[in-house]
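Only one structure is covered here, and it is reproduced in the block below.
The values are calculated or read from the model by the stated rules, or taken from the named source; none is laboratory data. Model, not experiment: these values are computed from the prediction. Glycine gets a Cβ as well: all are built from the backbone with ideal geometry, and neighbour counts include every protein chain shown.
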Amino acid sequence: MKDKPESIQDVELVEKLHSKIKNVKSEIAKRIVGQDEIIDQLLISLFARGHCLLVGVPGLAKTLLIKTVAEVMDLKFSRIQFTPDLMPSDITGTEILEEDQATKKREFKFIAGPIFANIVLADEINRTPPKTQAALLEAMQEHKVTAAGVTYQLPEPFFVLATQNPIEQEGTYPLPEAQLDRFMFNLWLEYPSFEDEIKVVQTTTSQYDAKIDKILNAEEIIEFQNLVRKVPVAENVIDFAVKVANKTRPTNGNSPQFIKDWITWGAGPRASQFLTLAAKTRAIMQGRYTPNIDDVKIAMCPVLRHRIITNFSAEADGIKSLDVIERLSKEV
């Protein structure tokens, strides 16, 4: 396997992306203090054509972060606040009966919903019933919406970031495992450090208003997304990604004993695909032409966290999915 893409144009694109990513992070840092790892993973997911599930307590600037990313990349941003009474048509759009003033002829016209944006923030997705959740997840998968038998293509690039509040679980509708599997990454926002929180308070309680420069546009992002698919990957890296996903399955004879003891269901083939895509994307974002095993290891936590289901034995032992992933990383 060659270390560089065959096309000179692809080599130039890798160098261009590496340079642009530095500028993107610099612009985001004008508004967002810390959260470097989360920003990296968000960008990886975007360029890999994935979607993210973001979990964090209120007040950690989830909305501001996504709005800033959209602004830096000159993309259309839309925020949907999920509530128990939200209907699928409130997301996808609806048809209205409109009368032509000149001819007095009436006809149905489709009014696009908030899903028709490049970056969609689905806030508190677990607060709306399964029917509405399914409408969003179908749009995520197909990148299109069907209304009254007519199919409408969603704008590209199309990136959904859904948030969940880990504190209040009363009156919520948790996403089933099959639907969680559609998200490339599951990211957990932690509380800021003491020093970072001081900076947050200083900037947000003053007249400071950061002016954000647009670094990328939709056409460039699509170009970089296509570039990810061209990145060559060594066979041992793909073998490692598949081995990681394979060993999370308790039915697999080669799985470690702790997997058989603590796991009910392991990760499916999407995990292997997303581990590889994440590794490829991270490599070119850093100016490298092919990923290595360390790139796969770094993607293990956000890719596997929501794909392995622990059992009662794990709960009794105080074992969480993160503990299993950390042990598996050492085992593999």
Original post:
Counting only residues that are of a type in the set (Gly, Ala, Ser) and out of contact with any Ser or Thr (no Cβ under 8 Å at 6 or more places or on another chain), which one in segment 140-161 is surrounded by the most Cβ atoms within 10 Å (Cβ to Cβ)?
Top reply: Ala148
Original post:
Just checking, how many residues over segment 157-201 are in a loop (DSSP other than H, G, I, E, B), out of contact with any Pro (no Cβ under 8 Å at 6 or more places or on another chain) and either among the hydroxyl-bearing types (Ser, Thr, Tyr) or outside the structural domain of Leu46 (by TED's automatic domain parsing) (or both)?
Top reply: 3
Original post:
Could we say that Phe185 is touching a Gly at 6+ places or on another chain (Cβ under 7 Å), of a type outside the set (Val, Ile, Thr) and buried (at least 18 other Cβ atoms within 10 Å of the Cβ) here?
Top reply: yes
Original post:
Does segment 233-252 contain any residue that is surrounded by fewer than 17 Cβ atoms within 10 Å (Cβ to Cβ), assigned to a loop (DSSP other than H, G, I, E, B) and in contact (Cβ under 8 Å) with a residue 40 or more places away in the chain?
Top reply: yes
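Per-residue answers, yes or no, for (1) under 13 Å from the mean Cα position of the chain (by Cα); (2) touching a residue at least 60 places away in the same chain (Cβ under 8 Å):
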| site | (1), (2) |
| --- | --- |
| Val160 | yes, yes |
| Pro166 | no, yes |
| Thr172 | no, no |
| Glu177 | no, yes |
| Tyr191 | no, yes |
| Phe194 | no, no |
| Gln202 | no, no |
| Tyr208 | no, no |
Original post:
Which of (1) in a loop (DSSP other than H, G, I, E, B); (2) closer than 21 Å to Ile39 by Cβ does Leu322 not meet, given it meets every other one?
Top reply: (1)
**OP:** Filter segment 82-139 down to the residues that are at pLDDT 85 or above and of a type in the set (Lys, Arg), then identify the one that is surrounded by the fewest Cβ atoms within 10 Å (Cβ to Cβ).
**Re:** Lys131
**OP:** Kindly provide the set of residues from segment 137-156 that are in contact (Cβ under 8 Å) with a residue 40 or more places away in the chain, at negative phi and not in a strand (DSSP E or B), ordered by number.
**Re:** Leu137, Ala139, Met140, Gln141, Pro155, Glu156
Original post:
Mind checking which residues of segment 295-324 are hydroxyl-bearing (Ser, Thr, Tyr) and in contact with a strand residue (DSSP E or B) (Cβ under 7 Å, 6 or more places away or on another chain)?
Top reply: Thr310, Ser321
Subject >> Residue satisfying all of: in segment 75-114; touching a Lys or Arg at 6+ places or on another chain (Cβ under 7 Å) and among the β-branched types (Val, Ile, Thr); nearest to Thr128 (Cα to Cα) among these >> reply: Thr83
Original post:
In this structure, is Gln164 farther than 30 Å from Asn226 by Cβ and either crowded, with 16+ Cβ neighbours inside 10 Å or of a type in the set (Asp, Glu) (or both)?
Top reply: yes
Original post:
Before we move on, is Ile293 under 25 Å from Lys320 (Cβ atoms), of a type in the set (Val, Ile, Thr) and touching a Pro at 6+ places or on another chain (Cβ under 6 Å)?
Top reply: no
Subject >> Odd one out for Thr132 among (1) in contact (Cβ under 8 Å) with a residue 24 or more places away in the chain; (2) over 16 Å from Met184 (Cα atoms); (3) not in a helix (DSSP H, G or I) >> reply: (3)
**OP:** Could you check how many residues of segment 206-231 are out of contact with any Asp or Glu (no Cβ under 9 Å at 6 or more places or on another chain), closer than 14 Å to Pro157 by Cα and in a loop (DSSP other than H, G, I, E, B)?
**Re:** 0
Original post:
Within segment 173-187, can you find the residues that are under 28 Å from Ala112 (Cβ atoms) and either polar (S, T, N, Q) or at pLDDT 90 or above (or both)?
Top reply: Gln179, Phe183, Met184, Phe185
